[in-house]
1. For the chain, what's the relative contact order in percent, using C-alpha pairs closer than 8 Å and at least 6 residues apart?
2. Over the range 2-101, what relative contact order in percent results from Cα pairs under 8 Å that are six or more residues apart?
3. Go through 354-366, 160-172, 222-234, 34-46 and give me the packing order, highest mean Cβ count within 10 Å leading.
4. Counting only DSSP beta bridges with both residues in the chain, tell me the antiparallel percent, nearest 5.
5. Report the extension gain between S84 and S355 in nm, rounded to one decimal, defined as 0.36 nm multiplied by the number of residues separating them, less their alpha carbon distance.
6. Assuming R0 = 51 Å, what is the FRET efficiency of A65 and R179, from their Cβ-Cβ distance, to the nearest 0.05?
7. In the chain, carbon and sulfur make up what percent of the accessible area (probe 1.4 Å)?
8. Based on the alpha-carbon gyration tensor of the range 104-203 and its eigenvalue square roots a ≥ b ≥ c, which shape applies: rounded if a/c is under 1.5, prolate if not and a/b is larger than b/c, or oblate?
Amino acid sequence: MIIVVGIGADGMSGLAQVSRAELARATVVHGSRRQLDLLDGSVTAVRRAWPSPMLPAMRTILDGAGADVHVVASGDPLLHGVGSSLIRLHGAENVVVLPHVSSVTLACSRVGWAVQDTEIISLVTSEPHTAVRRGGQAVVLSRDATSPAALARLLTDTGRGDSEITVLEQLGGPAERRRTATAREWAARPPGDVDDLNVIAVRYLPDERRFAIMPDEAYANDGQITKQPVRALTLAALAPRPGELLWDVGAGSGSIAIEWCRSGPGCHAVAFERDEERRKRITENAIAFGAHVEVQDDAPGTFDSVPPPAVIFIGGGLTQPGLLEACYDRLTVGGRLVVNTVTVESEAVVAEWYSRYGGDLVRFEYQRGEPLGGFTGWRPAMPITQWSVTKR
């Protein structure tokens, strides 16, 4: 059995009696060097610091163990912590977790926020731009001392310099410290003495949250963008599910990939685009929306360098020889493919594949009201043919 004990910056003094008793009877305790240093003389077990990388050691933690194995972890081990990893590797029946107060709860208590109204974002393994938001509030779990300044710069660069950030260091411990500034102020004069153990409470300003499909002008683009009405219909066909990976092939401005990421928790994307300037725009758009989008160059040449997708969207390049075959081959059974076309040549390719594999084939046409002299007339957009199929 693996017993995971959460411990705070206050060390042994903050532990519940059941946690202290578990550590007192331990024969081996695993943890980071910082966490192991929080233990006092009442813990006589052998102390083993996690190696880098940790995963192999977590996989073999029970090998040769004649008694229970103990692990110390920061705060609540089930909140972006080692407890979740150990349960995934060894099963819930083999892991017992004794949580401490989480850093998120402590942070919310310091700034007076309700936890259920607060988003939790981890930068421990994610890039800083994934903590950019267009409104609301969040507790951001920092990777290290550089995270507050990196996030403050990104917020400032994306028009959110008025956002209020509170950096909380060594929460719950004797060296606890709290500093508040706007993102713009912090980015201009970042302190040089931020502790590695910190979290950031962020109130994002201005609040421009929208839960619908974004307008075209929200994205930097050169006109190569799936227009808002078609984007809404395309997201409906893509049908995002939590945690899924999308490949956006012929991504243009990256609007489909970014809307995919905005649609649900854990949704992430890889955008394939052959044009270098457009790849730069995709990166800029992803940063502005805090979207987890990896940008790659021409498809299908880079397909083997990224994880396999749950869903693929093809918005451009359909007539490129072998592209559709390469995309379909990368899908596992149950994977979904959605293709949008506007040219006769692309429609011919889609019609052939539809006749072979079935799926849904639809055509969308819409018109916009535009000035016509002193009146208003209808200007039709190019019709879109869309094919969607689930691989059997």
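1. In percent, rounded to a whole number, it is 10.
2. Working: 170 pairs, mean separation 42.2, N = 100.
The value is 42 percent.
3. Output ranking for 354-366, 160-172, 222-234, 34-46: 160-172, 222-234, 34-46, 354-366.
4. Counting DSSP beta bridges with both partners in the chain, the antiparallel share is about 50 percent.
5. Values: separation 271, 0.36 × 271 = 97.56 nm, distance 4.58 nm.
Working it through step by step, the gained length comes to 93.0 nm.
6. On the way: r = 43 Å, r/R0 = 0.85.
For A65 and R179, the calculated efficiency is 0.75.
7. The C+S portion of the solvent-accessible surface of the chain is 52 percent.
8. rounded
The values are calculated or read from the model by the stated rules, or taken from the named source; none is laboratory data. These numbers were taken from a predicted model, which means no experiment stands behind them. Glycine also receives a Cβ, built like all others from the backbone with ideal geometry; neighbour counts cover every protein chain displayed. Side chains included, ligands, DNA and RNA excluded: accessible areas come from the protein's heavy atoms. Shrake-Rupley method; radii C 1.70, N 1.55, O 1.52, S 1.80 Å.
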